[in-house]
Amino acid sequence: MSLARNDPAQYDQLADQWWVPAGGFAMLHWLAGSRAEHIPPAPSSDAVLVDLACGGGLMAPHVQRLGYRHVGVDLGAAGLALAHEHGVGAVRGSVLAVPLADGCADVVVCGEILEHVEDDVAVLAECARLLKPGGVLVVDAIADSWLAAPVAVGIAERIPGGPPPGIHDPALFVDRRRLLAAADRLGLDLRLVGLRPSVRDLVAWKRGRRDTVRMVSMPWSGILFAGYGRKR
């Protein structure tokens with residue numbers, strides 16, 4: 001059945017792809033590794049990382065290595081079941097109204113979700129609510145720019161490792177200035193950087209010579225970007 005762009009039902013249809021490194025969610029594996037590089041080791045044995053829109057739980061190996069209790073929040077039952085199998089404390093709920101307590105998280109990861117919702121600032125507000133003072137925030141999303149739709153949709157959906165066709169709606173891509181202004185109002189010190197796959201790694205991955213692809217930061221954040229910050 002053909003679905004509209006950004007229809008969450010696509011994730012249920014692709015549930016068998018979550019843990020296939022070269023499958024439909026290949027780039028999400030690469031992004032999970034990139035996010036982990038910006039998360040400090042757990043400060044205590046009871047430290048909590050909340051993983052918003054956790055999907056099948058691809059952050060699990062990284063969070064386990066860093067020592068956090070990993071709590072994943074998602075609407076998709078199929079993805080949450082897989083996340084639970086990989087050691088994630090699965091919570092079914094919306095990222096717009098997360099069913100967790102204020103200040104419960106030492107780290108919040110908000111990856112590949114801001115460009116899937118009508119109100120990205122509301123999601124950012126939930127991130128701020130969940131974080132303890134001094135807590136770490138890691139986000140990534142697709143920017144609202146003149147080049148993002150042709151590259152992130154027109155090209156990326158047609159190349160190996162790119163997102164599944166129809167998974168993104170350019171109308172929801174993220175206004176970076178609005179996001180940064182909202183972060184400041186919410187007490188979040190946030191900086192944005194651009195991200196892209198390493199071309200050398202991508203070629204080697206395509207030829208079967210690498211299991212994963214490193215994400216490389218760059219100054220321009222006009223297509224895929226990451227945000228790293230802390231709650232004041």
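Within the chain, which DSSP H helices have Cα atoms that stretch 18 Å or more along the helix axis and a mean Kyte-Doolittle hydropathy of at least -1.0? Let's see the in-between values first.
Values: long enough: none.
Passing helices, by number: none.
Viscosity 1.002 mPa s, temperature 20 °C: Stokes-Einstein D of segment 5-130 from its Kirkwood Cα radius, in µm² per second?
Working: Rh = 14.5 Å.
Reported coefficient: 147 µm²/s.
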>> Within segment 115-139, list the residues whose amide N lies under 19 Å from a label point set 7 Å along Cα→Cβ of Asp46.
In response: 130-136
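Given a Förster distance of 35 angstrom, what is the FRET efficiency for Arg158 paired with Ser94, based on the Cβ-Cβ distance and rounded to 0.05? Write down the numbers at each step before the final one.
Numbers: r = 31 Å, r/R0 = 0.89.
For Arg158 and Ser94, the calculated efficiency is 0.65.
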>> Treating only the Cβ of Lys, Arg, Asp and Glu as charged (+1, +1, -1, -1), what charge dipole size does the chain show about its Cα centre? Round to the nearest 20 debye.
In response: 860 debye
> Stretch Asp169-His84 to full length: gain in nm at 0.36 nm per residue minus the Cα-Cα span?
Replying inline: 27.8 nm
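Can you tell me the order of 13-22, 48-57, 114-123 when each peptide is scored by its average per-residue count of other Cβ atoms within 10 angstrom, highest first? Intermediate values should be presented prior to the final figure.
On the way: 13-22: 15.7, 48-57: 26.1, 114-123: 18.7.
Output ranking for 13-22, 48-57, 114-123: 48-57, 114-123, 13-22.
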>> Starting from 0.36 nm per residue, how many nanometres of slack lie between Asp119 and Asp189 once their C-alpha separation is accounted for?
In response: 23.2 nm
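Taking the Cβ-Cβ separation of Asn6 and Arg200 as r and a Förster radius of 25 Å, what is the calculated FRET efficiency to the nearest 0.05? Write out the running numbers ahead of the final one.
On the way: r = 32 Å, r/R0 = 1.27.
In this case the efficiency is close to 0.20.
For segment 122-173, which whole-number percentage of the solvent-accessible area (1.4 Å probe, protein heavy atoms only) is attributable to carbon and sulfur atoms? If you can, show how the numbers build up before the last one.
On the way: 1270 of 1850 Å².
Taking all protein chains in place, segment 122-173 shows 69 percent carbon and sulfur surface.
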>> Check which residues have an amide H placed less than 5 Å from Tyr68's amide H, if you skip close sequence neighbours.
In response: Ala42
>> For a bin width of 5 Å, list the pair-distance distribution of the chain built from all Cα-Cα distances, rounded to whole %.
In response: 1, 7, 15, 20, 22, 18, 12, 4, 1, 0
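The values are calculated or read from the model by the stated rules, or taken from the named source; none is laboratory data. Small disclaimer: the values here were computed from a predicted structure and weren't measured. Cβ sites come from the backbone with ideal geometry, for glycine too, and all protein chains shown count toward neighbours. Note: areas computed on protein heavy atoms with side chains; ligands, DNA, RNA excluded. Shrake-Rupley method; radii C 1.70, N 1.55, O 1.52, S 1.80 Å.
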